[in-house]
Amino acid sequence: MGLSHHSAPVALLESVAIAESDRDALTEDLISGANVDEAMIVTTCNRVEVYAAVDAFHPALDDVVDLLSRHSGLSSEELSRHLYVRYSESAAEHLFSVASGLDSMVVGEQQIIGQIRTAYQSASDIGAAGSTLHRLAQQALHVGKRVHTETGIDSAGASVVSVALDRAAEILADGTPATGDRRLDGRRAVVLGAGAMGGLAVAHLGRAGIAHIEVTNRTPERADRLSEIARDSGTPATAFPIEDLSDGIAGADILFTCTGAVGTVVTLGDVHTALARRGTARPLVICDLGMPRDVDPAVAGLPGVTVLGIEALKADPDTSAAAADADAARTIVDTELAAYTQAERMAGVGPIIGRLRGRGGQVVAAEMRRFEARMPGLDDKTRDEVANTVRRVVDKLLHPPTVRFKELAAQPDGENLAAVVRTLFDLDNIDLDTTVDEEAS
């Protein structure tokens, strides 16, 4: 269960954000209840997700919501509007996609692998990650490493930014293709959003020769930090309050926005006011890479304004290679997910088969005790031969269904078959540490 830039506005994400210093205590709180056996909390600037192995699905969901509610100070009702839930195979698929960078604001970013590794290590250190989360986390890290090694997805997000600025440079140059390191010489830009995508935009703007960058963000400290990074790289840059967005746009040739907010950030009024203050007819190019979009669609109808949206940019021929890398990454995720789920089903079969064989062993022991009671003078050799004969009969009876059970349990409906076997042989109600004389009577 979790929330991310896909499901929640920035303000809510900031309220729910979990510092690393708080993660262990919250995890221990979660597993101290009756419903959650294992737990791992993955927290980044754009997501908070709880992965858990649970005994009871709905009570465990309530526990997680309650934990996040108490931590954030938000009501359960408000949180629930933005939370998403993945179960079983879907939960594994989601973590594999996250580890691969497919679910990030900047597709392909590698930092998330380290964050998952840290989350897993933290859960392991406090005993919150058992065998289920161990297998899940290890497989997710393997999938993420494989995707980043075998595909070019690392550059997927950067390619969208690069293409957006290339198209912006062409528009500002009256349609003339603009290439080279100085294609934005003399231009000014506003970057709205100081996350990973904003950082990529600042880097690309600097390499393209932008004259000045102004950075704004809902959290002023992050805007200050990103403008400082730009200055350290040799690009003049300053930060300004987001309340002054219209003033910033008024002096810009390019507005680059990617906030991760849910809902409009740049309104028609913001841009209309900015255009009125410009005093010139020079064009304004807005690169809206928000998902969902940050800019009011009506802005595209204003004279002299061009809005480059994320969907159009992804369809651009120059981003096709990046799209192919993302497709290749998804293929790897699908392949690894199939192997993982099959292995998980097989892992679930082992204890059931063990209990089934234990049931057979109990019956053999009970029958032998009854046989020996009826024939107290039986010599050891005869008793051993009878015991071996009975044991062979039971083993031969159990062998074919056991082999077939292993084969069928690896298929998608294997959990249902496992439930049938447990019911048929009453495997949930036996104690393998005791004998069952009554079963032989």
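Just so you know, all these numbers are worked out from the coordinates, no wet-lab data involved. Just so it is clear, the structure is predicted and the values come from calculations on it, not from any experiment. Here the Cβ is made from the backbone with ideal geometry for all residues, glycine too, and neighbour counts use every protein chain on show.
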Q) Which of Val50, Ser15, Ala39 sits farthest toward the positive end of the charge dipole of the range 1-59, with +1 on the Cβ of Lys and Arg and -1 on the Cβ of Asp and Glu? A) Ser15
Q) Once all Cα-Cα distances of the range 361-409 are split into 5 Å bins that start at 0, what whole-number percent is in each one? A) 4, 20, 23, 17, 13, 9, 6, 5, 2, 0
(Q) Using +1 at the C-beta of Lys and Arg and -1 at the C-beta of Asp and Glu, which of Gly209, Pro220, Val161 has the Cα lying farthest in the positive direction of the dipole of the range 156-311? (A) Gly209
Q: Please identify, among Asp288, Asp232, Asp380, the residue showing maximal mean-square fluctuation in a Gaussian network model of the chain using a 10 angstrom Cα cutoff.
A: Asp380
Q. Taking 1 over the mean of 1/r across every pair of different Cα atoms in the chain, what Kirkwood radius in Å do you get?
A. 25.7 Å
Q) For the range 226-358, which semi-axes, largest first and in whole Å, follow from the square roots of 5 times the eigenvalues of its Cα gyration tensor? A) 49, 17, 16
Q | Square roots of five times the Cα gyration tensor eigenvalues for the range 156-311, Å | A | 19, 19, 15
Q | About the Cα centre, charge dipole magnitude for the chain (Lys/Arg +1, Asp/Glu -1 at Cβ), debye | A | 860 debye
(Q) Ranking request for peptides 37-43, 205-211, 305-311: highest mean number of other beta-carbon atoms within 10 Å first, then the rest in descending order. (A) 37-43, 205-211, 305-311
(Q) Taking every alpha carbon pair in the range 288-406, what does the distance histogram look like in 10 angstrom bins from 0, in percent? (A) 10, 19, 15, 12, 9, 9, 9, 8, 6, 2, 1
Q) Could you work out the helix-only [θ] at 222 nm for the chain, with each DSSP H run of four or more residues adding -39,500 (n - 2.57) and the total divided by the number of residues, to the nearest 500 deg cm²/dmol? A) -18500 deg cm²/dmol
Q) Among Lys381, Lys406, which comes first, second and so on when ranked by fewest other beta-carbon atoms within 10 Å? A) Lys381, Lys406
Q. Projected area of the range 1-139, taken from the Cα convex hull and averaged over every viewing direction, in nm²?
A. 7.4 nm²
Q: List the relative contact order of the chain as a percent without decimals, with contacts defined as Cα pairs under 8 Å and 6+ residues apart.
A: 13 percent
